[in-house]
Amino acid sequence: MTLRMWKLVLTLGMNFLKSKRKVSLVLGSGGARGLVQIGVIRSLEEKGYEIDEVVGCSIGSLIGAAYVEGKLDDLEEWMRSFTRRQVFKLMDFNNFKFGLLKGQRVFESLKDIFPDKPIEDMRLPFRAIATDMLNEKEMVFEKGSVYKAIRASIAIPAVFTSIESDDWNLVDGGVLNPLPINYVRRKRRNIIVAVNLDGKPDKDYGPVVPGKGLNALSMLQESYFLMRRRLTQLSVELYKPDYVINVPHNIAGLWDYDKASYMIEKGMELTNQVVPDCSVKKKALKKKGKEKVAI
């Protein structure tokens, strides 16, 4: 048997051994677009899947931590209540030399949603990813304060102040790894679902910026977005998750948290287009249908 045939047999064998129901969920980086991820989780649960591992980056670390702690309902209710005025009130401006926002006000509000606790004591395996600017590498939080992990993971450079110590300088995980599929631990037994918040812009969701005729600021911004899309694409190609939910980049702006209801609905819609119903749910529905016929 050739090496190629052996690889094929091995791949088929691993897929056969995978749980048909349990999911390792990877939640990406992308500001307010991350609210889509609440809808993704709702859809997966409705389809009959059981999420038993979460890896989050930036906004994905916040959504993921709330889910793992069983507080997603509370976070969703809080997010759906936001108006533009309320979003602005959460902005605690800082000395612009070190970062636009401190981020303290957001975390004070979060205490009403779920308390800080050690990651190792959470209900499910959870990892948050940040970027260490000092050592030029990713930092993975899988123990210690979940608040500290989220705060480091969401520290968008120049927007939020970074988290500094003698040994590191931490900023948003999306700088190096916007979709951290490589930190899934249960890939041999679980279905991997990844939520990419850097999908290609779609004219159905808003204006699409052309790739030419841009001013200097727009050119800088679009170049950054293009770089992130390519990073994510490379991650998907390398680590091959079972399902990727691509969220168009122009579905919302960085601070559009007042659009939570719309974003959550879109999250469910996009998931339904990509992920089929769990085989367990299909069997249950089939059985239920037979019972109705018998009656």
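Computed values, structure above
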{"read-out": "Criterion: open to solvent by 50 Å² or more (accessible area, probe 1.4 Å) and either modelled with pLDDT of 95 or more or over 30 Å from ARG85 (Cα atoms) (or both) - qualifying residue of VAL275, VAL244, VAL280, VAL209", "value": "VAL280"}
{"read-out": "Selection within segment 103-137 - more than 20 Å from the chain's Cα centre (by Cα) and of a type in the set (A, V, I, L, M)", "value": "MET133, LEU134"}
{"read-out": "Sole residue being touching a Ser or Thr at 6+ places or on another chain (Cβ under 6 Å), buried (at least 21 other Cβ atoms within 10 Å of the Cβ) and farther than 17 Å from ILE156 by Cα, chosen from ILE181, ILE191", "value": "ILE181"}
{"read-out": "Every residue from segment 49-66 that is of a type in the set (A, V, I, L, M) and under 11 Å from the mean Cα position of the chain (by Cα)", "value": "VAL54, VAL55, ILE59, LEU62, ILE63, ALA65"}
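Conditions tested, residue by residue: (1) free of Cβ contacts under 8 Å to residues at least 24 places away in the same chain; (2) assigned to a strand (DSSP E or B); (3) open to solvent by 10 Å² or more (accessible area, probe 1.4 Å).
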| site | (1), (2), (3) |
| --- | --- |
| ARG33 | no, no, yes |
| ILE51 | no, yes, no |
| GLY56 | no, yes, no |
| ASP73 | yes, no, yes |
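The values are calculated or read from the model by the stated rules, or taken from the named source; none is laboratory data. Everything numeric in this text was worked out from a predicted model, so none of it was measured. With ideal geometry, Cβ positions are generated from the backbone for all residues, glycine too; neighbour counts draw on all protein chains shown. Ligands, DNA and RNA are stripped out before the accessible areas are found, and what is left, the full protein with its side chains, is counted by its heavy atoms. Shrake-Rupley method; radii C 1.70, N 1.55, O 1.52, S 1.80 Å.
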